[in-house]
Amino acid sequence: MAAATAMRRRGGGGGMDDDKMVFETTEGVEAITSFDAMGIKDDLLRGIYQYGFEKPSAIQQRAVMPIIKGRDVIAQAQSGTGKTSMIALTVCQTVDTSSREVQALILSPTRELATQTEKVILAIGDFINIQAHACVGGKSVGEDIRKLEHGVHVVSGTPGRVCDMIKRKTLRTRAIKLLVLDESDEMLSRGFKDQIYDVYRYLPPDLQVCCPGSCFLFD
């Protein structure tokens, strides 16, 4: 398993500049300082640059390549350091868009975060025709069923609704190769553990798992 952690230095202020952060990475994990050097699909690179990114953030430099290479990854960083776009980038790079089966599943602790992740995936994956759908509570179950039966590559959702769709046999899990537990520390602390386990037991055994989460400040 690869681990990458980015934390603000004591007294470092509110900025997120690399020179104000402390980094801890698994031995052998390199910081890749440009998107072009990551071996990303050309059309995905177009989407990344069109979205407004110029260079990878600190956590992206350390976590994107291990995820793309298929390693299980724990990535810890504060909010605002690019974890959501890191998830979107790696998911878009990983899925095979010629197959309309769900290949990546992202679980988030809130509806807002799940929906935001879906929007970023659709934005940066525009040129590769990525199909993503947010399965969250408070939305129409019928709309979820319609979207999933039509076929999507990525599902971003909250554990309860995702589990419901799986049990209805609407969200088919046989082709899922990547599970992302976004804000994993928050999800476990908020009591989603049983729901996450319910989802996990329906997933293929050779699954890749990534756990982006927040970390505590040194202040």
Problem - Potential lengthening between K69 and Y51 on full extension [0.36 nm per residue; Cα-Cα distance subtracted] - result: 4.1 nm
Handout entry: Projected label distance in nm at N129 and D206, using a 7 Å step from Cα toward the beta-carbon
Key = 2.7
Exercise for the section: Output the pairs from K41/K147; K147/K193; K55/K139; K83/K177 with a Cα-Cα distance over 30 Å in this structure; if there are none, say none. Expected result: K55/K139
Exercise for the section: Would you grab the residues whose amide H sits under 5 Å from the one on A134? Only those 5+ places off in sequence or on another chain, please, with H modelled 1.01 Å from N. Expected result: S156
Practice task
Calculate the all-directions average of the projected area of the range 141-216's alpha-carbon convex hull, and give it in nm².
Solution key: 5.3
Completion exercise
Taking placed amide H atoms and a strict 5 Å upper bound, the residues 5 or more places from Q76 or on another chain that come that close are A4, T5, A6, G213
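Please compute the net charge surrounding I67, taking Lys and Arg as +1 and Asp and Glu as -1 over other residues with Cβ under 15 Å from its Cβ. Walk me through the intermediate numbers first.
Details: positive: K41, R62, K69, R71, K83, K177; negative: E30, D72, D182.
Net charge around I67: +3.
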Exercise for the section: Run the numbers on the range 107-219 and let me know its relative contact order in percent, using alpha-carbon pairs under 8 Å that are six or more apart. Expected result: 28
Problem - Charge dipole (the range 69-128, unit charges on Cβ, about Cα centre) - positive-most of A75, S108, T97 - result: A75
Completion exercise
Packing-ranked peptide list from 106-114, 131-139, 169-177, highest mean Cβ count within 10 angstrom first, is 106-114, 131-139, 169-177
Practice task
Quote the charge dipole size of the chain about the Cα centre in Debye, to the nearest 20; the model charges only the Cβ of Lys and Arg (+1) and of Asp and Glu (-1).
Solution key: 600
Problem - Note, ³J(HN,Hα) from phi for the range 101-109, Karplus 6.51, -1.76, 1.60, rounded to Hz, x at Gly and Pro - result: 10, 5, 10, 9, 10, 10, 9, 10, x
Handout entry: Translational diffusion coefficient (Stokes-Einstein; Kirkwood radius from C-alpha pairs) of the chain at 10 °C, 1.306 mPa s, in µm²/s
Key = 91
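Bear in mind that the values in this text are calculations on the coordinates, not laboratory data. Just so it is clear, the structure is predicted and the values come from calculations on it, not from any experiment. Positions of Cβ are generated from backbone atoms using ideal geometry, with glycine treated the same way; all protein chains shown enter the neighbour counts.
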